[in-house]
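Some notes on the structure that comes next.
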Amino acid sequence: MIRIILDEATRDELQRLRRTECSPKVRDRLEMVALSDAGWSSPRIAEHLGCHAQTVRDTLRGFLARGTAALHPFRSGPPPDAERFEQVAAALRELLQEARTWTSRQLSRALAERGIALGPRQVRRYLRRLGARYRRTARTLEHKQDPARAERAGRILDNLEARAAARRLKLYYLDECGFSPTLPVGGSWALPGERKWVEYEAPQGRRVNVLAAYRPHGPTPRLDVFTAERTWKAYDLLAFLRALPWSDVPRVVVMDNGSLHTGRIVRAARAGLARKGIYLYYLPPYSPEFNRIEGVFRQVKYQEMPRRSYTRRLELREAVERSFRNYGRRLRPKTRERLRPAA
């Protein structure tokens, strides 16, 4: 029978180790040593921890031979080559910064051209150690932006949002969005070996268009939405702006510089809108990231509409309106239920 008797110094060391963030395997080994010190036999410890008695004996023998070092997992093979890892990691970081997509096989070939021989499987191991993930690409327009104008727009929006948070004005973000009978490809959980299939429907003039304004600041965030089964005109935009809730403080509407927003009819109506307390602020070209309603459209299109295909335009329009209503309802703060007085 293997029996461990700890002195006070070793017992204190094990207690300090127990209070650190260690793996479950290390905690089990600590428990084995502590129970052996308490007089438990190896079979009894194994039954208590749900493991084999030989596992307990090996742990106790290792502790007698190597001390607390035996409690940590033993790494077989040579020690890690830190210099090699840094060489490969630097090459991978440089390659991943290039303006192109990569697979592990393509990265393996690119590394071979730099004198680093790694197979695709080994490349994936290095990528995981770097924290890299295989993700869908995303589109950007930053390369077309004027940096000075984009930086100025950021400062102006920060000022407008600060004034809106202080309730000195009401700030709206406005844009349009179209919904086709078959929505864009998204993600879904599925059972192993299965895949979600979405029945494709050609648009064939069955799109539903949305004109929306999002007000994120204030005691109650607000989302105003118009839907139609036709293309929006300038008079639709003006009617939508005039229908915004009345306010005793200025209403500032942020929008991009699309042709619908900057056409002759809208330019001629800006003075009349200003007299009603509605002011338009145009974002610089190629700056959709400044318009906060883009996140609302993305949430509704990809998350709020689990049914991804519609055969009739009326069904699509009802689904779009219902999804925007549900999203707008969640923007409102939850009020506590009033307690009824006792009878």
Sole miss for K233 among (1) closer than 25 Å to G263 by Cβ; (2) buried (at least 17 other Cβ atoms within 10 Å of the Cβ); (3) not polar (S, T, N, Q) is condition (2)
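Only one of these is touching a His at 6+ places or on another chain (Cβ under 8 Å) and either under 30 Å from A117 (Cα atoms) or touching a residue at least 24 places away in the same chain (Cβ under 8 Å) (or both): V26, V33, V56. Name it.
None of the other options fit; the residue is V26.
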Report every pair of residues separated by at least 6 positions or lying on different chains whose Cβ atoms are under 6 Å apart, first residue within segment 274-297 and closer than 14 Å to P216 by Cα, second of a type in the set (D, E). N291/D175; I293/D175
Residues being in a loop (DSSP other than H, G, I, E, B) and touching a Pro at 6+ places or on another chain (Cβ under 9 Å): count how many of those fall in segment 206-244. 5
Can you tell me which condition R129 does not meet? The list is (1) outside the structural domain of W246 (by TED's automatic domain parsing); (2) out of contact with any Lys or Arg (no Cβ under 7 Å at 6 or more places or on another chain); (3) surrounded by 13 or more Cβ atoms within 10 Å (Cβ to Cβ), and all the others hold. (3)
Run P192 past the list (1) at negative phi; (2) assigned by TED's automatic domain parsing to the domain that holds V320 and report the number of the one that doesn't hold. (2)
Filter segment 110-124 down to residues that are surrounded by 12 or more Cβ atoms within 10 Å (Cβ to Cβ) and part of a helix (DSSP H, G or I), then give me how many there are. 7
How many residues of segment 309-318 are surrounded by 18 or more Cβ atoms within 10 Å (Cβ to Cβ) and either out of contact with any helix residue (DSSP H, G or I) (no Cβ under 6 Å at 6 or more places or on another chain) or not assigned by TED's automatic domain parsing to the domain that holds D175 (or both)? The answer is 2
Using beta carbons and a limit of 8 Å, which pairs, at least six apart or on different chains, have the first residue in segment 192-205 and part of a loop (DSSP other than H, G, I, E, B) and the second one at pLDDT below 90 and of a type in the set (S, T, Y)? K196/S188
Hits in segment 125-150 (condition: of a type in the set (A, V, I, L, M, F, W, C), outside any helix (DSSP H, G or I) and over 22 Å from E83 (Cβ atoms)): A138, L141
Is it the case that R251 is more than 16 Å from L171 (Cβ to Cβ) and either surrounded by 12 or more Cβ atoms within 10 Å (Cβ to Cβ) or out of contact with any Gly (no Cβ under 6 Å at 6 or more places or on another chain) (or both)? no
For the structure I just gave you, tell me whether P306 is assigned by TED's automatic domain parsing to the domain that holds A162, outside any helix (DSSP H, G or I), exposed (fewer than 12 other Cβ atoms within 10 Å of the Cβ) and at pLDDT below 95. yes
D158 being more than 25 Å from L237 (Cα to Cα), without any contact (Cβ under 8 Å) to a residue 24 or more places away in the chain and either of a type outside the set (K, R) or surrounded by 14 or more Cβ atoms within 10 Å (Cβ to Cβ) (or both): yes
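The values are calculated or read from the model by the stated rules, or taken from the named source; none is laboratory data. The shown structure was predicted, so the numbers you read here are calculated from the model rather than taken from an experiment. When we count neighbours, we look across all protein chains shown, and the Cβ atoms used for this are built from the backbone with ideal geometry, even at glycine.
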